[in-house]
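Each value in this text was obtained by applying a stated rule to the coordinates, not by laboratory testing. Here the structure is a predicted model, which means the values were calculated and not measured. Ideal geometry is used to build each Cβ from the backbone, glycine not excepted, and the neighbour counts take in all protein chains shown.
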């Protein structure tokens, strides 16, 4: 019975139009689609029996042909400051996905994953240490947000698609998730409150611009020249800075949205005055913002953050050259909140137990 349940389609994996086609295939009126969508995406129903405004016959038919994915929290770690909670969600195949719940002065934001692992092996990120395991489905991405909201009892109003994995490498599922979570039948998160992050897939950035969604694009830059970026972000060898920055300039122009460049400052690697000036020349004239991130130390990779003085100097140089910059406040370093760290530890512990 369990295997049969898993083989049935998870309704949270469907877009609204796909759900409408599925509902229609059961011989049911189209208007029922909105009711079902609200139950699964907005109210977080865990079973069809909760859908009390549907007939018993329809609920039975839905249950025989489909299922509803339900968030399963495997681990929850709370930071000492209490402003950050790291979640590990169990998936049906035994894998796990990690997410972060962050409490700000302006509201609650959530950082979600789009893949288990990652194929791009960025030097600064623990997500790719074991390579790409698999893509997450739209419903598995959605359940991270729903699970955190249900567990905390607080509304999540902002999303950062910047957890484990590369969203533009799982493009279709990521876009279905975004359309569902921004919809009135979903959690109604505003497009302008969603940031989608990429390590630099230039064709994906151009494709995303065509969607005409007012999303914020965040690019993991980390270096102002190809030689250094090739070392830190290997995908740069395929999509070098000239191609990447051209795609970003076009994205900003076509969407009217400011592009955020994530720049992890690493002591004695990319944090000098010359690096800052080179970065200013690279981004000159673009509608953009640089998010300076004192790097989280990555176990086994020999990475440490610069001094506070060096970070402030780097920021000052950018601002003097008309490049908007901020230093990101650290969230959850004490609870393995950086991408991939908790999953690596958890799956490693599972391996040792076996």
Query - 0 to 90° range, to nearest 10: angle between helix 341-353 axis and the chain longest Cα axis - result: 60 degrees
Query raised in the report: When volume of the Cα convex hull per residue in Å³ is calculated directly from the model, which label among (i) 120; (ii) 141; (iii) 193 fits?
Result: (ii)
Requested in this report: Could you line up 176, 114, 198 from fewest to most neighbouring Cβ atoms inside 10 Å?
Outcome: 176, 198, 114
Report summary line: When 222, 193 are arranged by how many other beta-carbons sit within 10 Å of their Cβ, fewest first, they go 193, 222
Query raised in the report: Counting pairs of alpha carbon atoms under 8 Å apart in space and at least six apart in sequence, what relative contact order in percent does the chain give?
Result: 15 percent
Query raised in the report: Is the shape of the stretch 190-229 rounded, prolate or oblate, going by the alpha carbon gyration tensor and its root eigenvalues a ≥ b ≥ c, with a/c under 1.5 for rounded and a/b larger than b/c for prolate?
Result: oblate
Requested in this report: First check a/c for the stretch 67-164, with a ≥ b ≥ c the square roots of the eigenvalues of its C-alpha gyration tensor; if it is under 1.5, answer rounded, and if not, answer prolate when a/b is larger than b/c or oblate otherwise.
Outcome: oblate
Query raised in the report: To the nearest 0.05, what FRET efficiency results for residue 192 and residue 56 with a Förster distance of 41 Å applied to their C-beta separation?
Result: 0.50
Query raised in the report: Of all DSSP beta bridges in the chain, what percent run antiparallel (nearest 5)?
Result: 45 percent
Requested in this report: Beta carbons within 10 angstrom, averaged per residue: use that to sort the peptides 61-67, 140-146, 78-84, highest first.
Outcome: 140-146, 61-67, 78-84
Report summary line: Relative contact order of the stretch 2-67 (C-alpha contacts under 8 Å, at least 6 apart) in percent is 42 percent
Report task. Sort the stretch 2-67 into rounded, prolate or oblate with this rule: let a ≥ b ≥ c be the square roots of the eigenvalues of the Cα gyration tensor; rounded if a/c is under 1.5, and if a/c is not under 1.5, prolate when a/b is larger than b/c, oblate otherwise. Result -> rounded
Report summary line: Rounded to the nearest 5, the percent of antiparallel DSSP beta bridges in the stretch 201-314 equals 0 percent
Query raised in the report: Relative contact order for the stretch 113-242: what is it in percent, counting Cα pairs under 8 Å that are at least 6 residues apart?
Result: 24 percent
